[in-house]
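For reference, the structure discussed in these notes is given below.
Values in this text are rule-based calculations from the coordinates and carry no lab data. In this text, all values refer to a predicted model and were calculated from it rather than measured experimentally. We place every Cβ from the backbone using ideal geometry, glycine too, and count neighbours over all the protein chains shown.
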Amino acid sequence: MGTPTILPPTILPLAIEGLFYAVAGRALIESLSVEIAAGSRTVILGPNGAGKSLCLRLAHGLIVPTAGTVTWKGPGAAQAKLRQAMVFQRPVLLRRSAAANVSYALAVRGVPRAARPGRVEEALTRAGLAGLGDRPARMMSGGEQQKLALARAWALNPEVLFLDEPTASLDPAAVRAVETMIQAIHEGGTKIVMTTHDLGQAKRLADEVLFLHNGRLIERAPAKQFLNCPSTEQAAAFLRGEILV
């Protein structure tokens, strides 16, 4: 028998309590409280300007809230910064090769130099980018760049992965490829928290939905329940394609 894998203690759940964020006196996130647990894929929906991307950035720790708290409550919380990753709508890639982009992320996380090549190769292969490691990252197509950004995050083995509109502006084939990667990352045990404007994508990927409007959490429900029978008029109007004000 092999040595059993010992998993590090979880950083989840993530508790967001009384979150408030304002710029120049204008509230962009108001009184947002929610606890995000392991397992299910959480998709944040809402109209433009609802605060979806801002909510992800606050949860990930990229920006500091004006008031309220974002707290990792699991026994591994002290390692939270090293156990989460985020992929943006527009990939942030270094002026290096595809392989070097992944290798750099591993170096920043403290992965020993000798272990990096194997993990880089594995990440690129899982992303469908095998053989493209030497290609300049910024010369790749939009779909390839997004797959590279996901591969780089995946290589870090995050417990939680935040995805901000990961398939916006991609063609249908690239959307399918990215969604396949997201599903594989989820099946590998990573908690997915993502925003999307695509209701079809929400149907395919969401287990639960958080619906935001004007910076407030209006509704939280299992995905099928929300998409088929929302409990608030704002959510129903959003699903009908109406413009919310």
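Annotations for the structure displayed:
- Inter-label distance, D207 to R95: 4.2 nm, where each label sits 7 Å from its Cα along the C-beta direction.
- Cleavage-rule hits, trypsin sites (Lys or Arg not before Pro), region 71-113, DSSP coil, Cβ neighbours within 10 Å at most 11: R95
- For region 93-155, a simple Cβ point-charge model (Lys and Arg +1, Asp and Glu -1, everything else neutral) yields a dipole of about 200 debye relative to the Cα centre.
- Percent breakdown of C-alpha pair distances by 10 Å bin, ordered from the shortest bin, for the chain: 7, 30, 35, 21, 6, 1, 0
- Debye intensity ratio I(q)/I(0), log10, region 93-155, q values 0.12, 0.13 Å⁻¹ (C-alpha model): -0.22, -0.26
- Computed helical MRE - 222 nm, the chain, DSSP H runs ≥ 4 contributing -39500 (n - 2.57), nearest 500: -9500 deg cm²/dmol
- For region 128-245, the extents of the C-alpha atoms along the principal axes are 51, 28, 23 Å, listed from largest to smallest.
- Links that overshoot a 20 Å alpha carbon limit, given the list K73/K203; K73/K191; K147/K191; K81/K203; K147/K224: K73/K203; K81/K203; K147/K224
- Taking all C-alpha pairs of region 1-142, those more than 22 Å from each other amount to 55 percent.
- Each of I63 and L199 was given a label point 7 Å from its Cα along the Cα-to-Cβ line. The distance between the two points is 2.8 nm.
- Cα-centre dipole for the chain with unit charges at Cβ (Lys and Arg positive, Asp and Glu negative), debye to 20: 740
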